[in-house]
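Novice: A single structure is presented below for examination.
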Amino acid sequence: MVDSSPDEREWVTPPESFVETANVTAADCEAFREAGWPECWERPADLLDWDRSFDSVLDDEGTTRWFPGGRLNASYNCVDRHVEAGRGGETAISWEGKLGETRTYSYRELADEVNAFAAALREMGVGEDDVVTLYLPMIPELPVAMLACARIGAPHSVVFAGFSADALATRLAGTESEYLVTCDGYYRRGAALDLKSRADNACVSVDHAVEQVVVNRLDDDPAAGDHRAYADLVADHAGAEIEPVSREADDLLFLIYTSGTTGEPTLVRHTTGGYLTHVAWTSHAVLDLGPEDTHWCSADVGWITGHSYAVYGPLALGATTVLYEGTPDHPETDRLWEIIERNEVDVFYTAPTSIRAFMKWGEQHPESHDLSSLRLLGTVGEPIDETAWHWYRDHVGDGECPVVDTWWQTETGGIVLSTLPGVDRMRPGAVGKSLPGIETDVVDELGESAPPGESGQLVVTRPWPGMARSLCEGSGWGARRTRTVDGEWQYATGDNAVRDEDGYVHLLGRADDVLKVSDRRLSTTEIESAIVGVEGVAEAAVVVGEDADAVRKSEIHAFVSPESNVAGDDALRGRVREAVEEAIGPIAAPDVVTFTPSLPKTRSGKVVRRYLAAIANGEDLGDTSALRNPEVVGELESLLDR
Ligand code: 6R9
């Protein structure tokens with residue numbers, strides 16, 4: 001329970017029983033400090049099996065390269081080595097299907113299917129460094145395909161299955177990917193959705209030919225067409241053994257698109273050695289995973305969280321990973337707790353938006369299940385408020401489990417800020433400090449350290465192994481580094497934050513034009529360009545508003561200014577939503593569309609989204625006289641009556 005005395009309320013201490021057996025202790029942190037940066041990263045790299053050990057930890061001359069000279073294969077590290085260690089019979093993947101069906105893959109079975117599919121990809125002509133796009137829902141074939149690609153050194157590019165044909169086409173074209181693994185369809189809330197026709201529509205709109213492999217997820221056979229059936233390929237190559245391709249540490253493991261600050265989705269590239277070291281080490285140190293554990297990261301594998309902590313991290317450590325195809329409230333709102341109970345899940349990692357939904361449904365659901373297998377809880381994706389933090393710990397973690405609030409991004413590859421559950425006290429509402437070996441700061445506009453209590457932008461001040469390769473290039477290390485007054489370089493994260501007196505970081509939300517809605521990252525510009533593409537729309541600006549029922553917390557609020565002779569009515573509102581669904585997918589469709597004759601602008605003509613966000617949230621705007629058109633603000637306020 002939340003303690004009412006302020007001193008007690010500030011800190012929560014992990015239980016002694018947890019600290020005693022934790023993977024990482026205070027002494028380990030001390031050893032990290034003694035080794036110094038970047039040499040401290042040598043030991044985490046030992047969690048992996050290298051074909052050739054690296055010549056040095058970091059080469060930071062010009063382009064930044066982690067573990068130069070080192071060679072390894074991610075599929076070998078996530079699969080074969082566990083079989084070789086006699087653990088082939090242990091469960092690698094425990095899958096919970098939408099219709100209540102289950103499937104488990106032992107490490108041996110996983111090895112067999114990964115080898116067979118890798119052989120099939122090779123036979124189709126996929127070579128080292130050819131990009132294979134995976135447009136699949138949460139079915140075991142998705143991690144199998146990822147690992148098969150990794151085995152032959154073909155970077156994968158996973159596209160979230162909820163994305164539209166247009167979004168898939170942009171990603172196929174942007175990566176020049178000539179191979180697509182998709183499925184006939186999938187179930188969402190009990191209804192079958194057709195994925196294949198979306199994939200076909202995407203393929204016809206890219207300039208190059210795309211060869212498709214189709215997994216049969218629905219009962220009916222996918223219409224015969226110009227594609228190969230996954231099941232046939234795997235059966236034809238049963239028993240194949242494909243030697244894992246030895247990749248340089250710096251070679252690409254995968255590509256992933258994320259929402260950046262521009263209208264175009266941003267391509268982020270991750271390396272084999274640095275990325276895998278980072279996710280294996282953070283899975284070990286922060287999620288406290290080991291081979292005996294069953295881990296459930298509820299994020300979709302289509303997002304970075306699923307890549308790092310549902311697939312690569314837990315499998316690199318030889319743990320069991322739970323994969324769930326469905327939604328948390330279908331068929332019943334206790335579905336998740338039932339899965340945790342049945343699988344005896346040790347560590348559960350989810351997003352604050354889900355926790356707020358669990359709170360709304362009521363504590364009777366987790367409490368009617370035996371969740372005593374849980375020993376650690378984690379959150380990621382958005383800030384978690386103190387109330388949700390305590391609810392999570394009390395009702396899911398039996399008031400005992402440590403809760404790690406982990407901050408990171410697609411670009412960072414893995415966790416950057418968090419408490420270490422076996423070492424640090426927790427402060428609900430704060431993520432903690434940067435992990436050993438990672439250095440961050442909160443800086444003002446000039447790039448100088450902001451004192452405790454003053455907000456600024458969160459920056460990373462030194463390279464870290466999981467950093468996206470795009471940050472390693474350019475002069476020094478990284479295109480997104482900004483020069484500070486004393487000539488130091490920093491990676492600007494785009495998040496605002498404040499440090500408290502104890503050095504714990506509290507996140508304040510995005511500083512740039514990236515929206516975080518229901519833990520999914522979306523770009524305002526991308527949504528806005530879809531809206532202005534609608535006939536009759538002159539201008540649009542999109543902001544995040546607080547959701548009335550506080551479950552999804554953030555809602556997408558679009559302010560749309562129609563052309564002068566066009567009525568802002570429900571028909572136009574519908575077309576606006578449809579256009580966004582088509583361009584990006586239903587997750588990006590605006591929840592609220594407000595029509596306005598004009599948008600608030602500075603004298604230089606820039607839309608001031610800050611005012612629109614304040615209007616959407618009923619907050620005080622302060623002085624708006626510097627606007628070119630201050631009257632529009634009053635009109636909007638009266639329109640929304642907030
Ligand atoms: C892993 C992931 C990154 C953005 C990031 C920030 C927000 C993530 C957070 C958090 C507060 C946390 N974010 N974790 N905000 N507390 N613990 O979510 O990657 O989809 O790239 O989003 O998510 O705003 O900049 P990604």
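The values are calculated or read from the model by the stated rules, or taken from the named source; none is laboratory data. Keep in mind it's a predicted model, so treat the numbers as computed, not measured. Ideal geometry is used to build each Cβ from the backbone, glycine not excepted, and the neighbour counts take in all protein chains shown.
Novice: Given the criteria away from the ligand (no atom under 16 Å from the Cβ) and part of a helix (DSSP H, G or I), does ILE339 qualify?
Specialist: yes
Novice: Right, here's the next one. Can you report the number of residues in the range 409-463 which are more than 20 Å from GLU30 (Cβ to Cβ) and more than 16 Å from the ligand (Cβ to nearest atom)?
Specialist: 13
Novice: Name the residues in the range 375-408 that are more than 15 Å from the ligand (Cβ to nearest atom), part of a helix (DSSP H, G or I) and closer than 22 Å to TYR309 by Cα, would you?
Specialist: ARG393, VAL396, listed by residue number.
Novice: How many residues are touching a residue at least 40 places away in the same chain (Cβ under 8 Å) and buried (at least 21 other Cβ atoms within 10 Å of the Cβ) if we restrict to the range 358-374?
Specialist: 0
Novice: Now a separate question. For the range 1-84, give me every one of the helices (runs of 4 or more DSSP H) that falls completely inside it and has 1 or more residues that are at pLDDT 95 or above and exposed (fewer than 13 other Cβ atoms within 10 Å of the Cβ).
Specialist: 16-21, 26-35
Novice: A follow-up question, please. Any idea which residue in the range 106-119 is surrounded by the most Cβ atoms within 10 Å (Cβ to Cβ), counting only those that are of a type in the set (Gly, Ala, Ser) and closer than 12 Å to ARG151 by Cα?
Specialist: That would be ALA118.
Novice: Here is a follow-up. Pick from ASP300, ASP251, ASP288: which is in the same structural domain as PRO137 (by TED's automatic domain parsing), farther than 16 Å from MET467 by Cβ and over 14 Å from the mean Cα position of the chain (by Cα)?
Specialist: Working: ASP300 fails: over 14 Å from the mean Cα position of the chain (by Cα); ASP251 fails: farther than 16 Å from MET467 by Cβ.
It is ASP288.
Novice: Could you pull out every one of the strands (runs of 3 or more DSSP E) wholly within the range 490-598 that has 2 or more residues that are within 16 Å of the ligand (Cβ to nearest atom)?
Specialist: Filter on the range 490-598 gives 505-510, 514-517, 520-523, 537-546, 554-562.
Novice: Still on this structure, I have one more. Could you tell me whether ALA430 is among the small types (Gly, Ala, Ser), in a helix (DSSP H, G or I) and touching a residue at least 24 places away in the same chain (Cβ under 8 Å)?
Specialist: So ALA430 does not fit the description; no.
Novice: Here's something else I'd like to know. When you look at ARG356, is it within 16 Å of the ligand (Cβ to nearest atom), in a helix (DSSP H, G or I) and either over 22 Å from TRP281 (Cβ atoms) or at pLDDT 95 or above (or both), yes or no?
Specialist: Yes.
Novice: Could you give every pair whose Cβ atoms fall below 9 Å, whose first residue belongs to the range 485-503 and is closer than 24 Å to ASP60 by Cα and among the aliphatic types (A, V, I, L, M), and whose second residue is within 16 Å of the ligand (Cβ to nearest atom) and at pLDDT 85 or above, counting only separations of at least 6 or pairs across chains?
Specialist: ALA492/VAL443; ALA492/GLN457; ALA492/LEU458; ALA492/VAL459; ALA492/VAL460
Novice: Oh, and also: Are there helices (runs of 4 or more DSSP H) fully within the range 92-202 with at least 1 residues that are hydroxyl-bearing (Ser, Thr, Tyr) and in the same structural domain as ARG71 (by TED's automatic domain parsing)? List them.
Specialist: In the range 92-202, 107-124, 165-174 are the helices (runs of 4 or more DSSP H) which contain 1 or more residues that are hydroxyl-bearing (Ser, Thr, Tyr) and in the same structural domain as ARG71 (by TED's automatic domain parsing).
Novice: Sticking with this structure for a sec: Among the residues of the range 271-297, write down those that are within 13 Å of the ligand (Cβ to nearest atom) and in a loop (DSSP other than H, G, I, E, B). Give the derivation first.
Specialist: The first filter runs over the range 271-297 and keeps only residues within 13 Å of the ligand (Cβ to nearest atom), leaving 278-279, 282, 286, 297.
Passing the criteria: only VAL286.
Novice: Would you please name the residue that is surrounded by the most Cβ atoms within 10 Å (Cβ to Cβ), looking only at residues in the range 233-274 that are charged (D, E, K, R) and touching a strand residue (DSSP E or B) at 6+ places or on another chain (Cβ under 8 Å)?
Specialist: Among residues in the range 233-274 that are charged (D, E, K, R) and touching a strand residue (DSSP E or B) at 6+ places or on another chain (Cβ under 8 Å), the one surrounded by the most Cβ atoms within 10 Å (Cβ to Cβ) is ARG247.
Novice: Just one of ASP55, ASP80 is touching a residue at least 24 places away in the same chain (Cβ under 8 Å) and of a type outside the set (Phe, Trp, Tyr); which is it? Break it down into steps so the answer makes sense when it comes.
Specialist: Values: ASP55 fails: touching a residue at least 24 places away in the same chain (Cβ under 8 Å).
Step by step, each of ASP55, ASP80 is checked, and only ASP80 is touching a residue at least 24 places away in the same chain (Cβ under 8 Å) and of a type outside the set (Phe, Trp, Tyr).
Novice: Return a yes/no flag: does the range 600-619 have any residue that is polar (S, T, N, Q) and under 15 Å from VAL543 (Cα atoms).
Specialist: Yes; the residues of the range 600-619 include at least one that is polar (S, T, N, Q) and under 15 Å from VAL543 (Cα atoms).
Novice: Okay, moving on. Test of understanding: among ASP200, ASP207, ASP220, which residue is out of contact with any Lys or Arg (no Cβ under 9 Å at 6 or more places or on another chain) and modelled with pLDDT under 95?
Specialist: Exactly one of ASP200, ASP207, ASP220 is out of contact with any Lys or Arg (no Cβ under 9 Å at 6 or more places or on another chain) and modelled with pLDDT under 95, namely ASP220.
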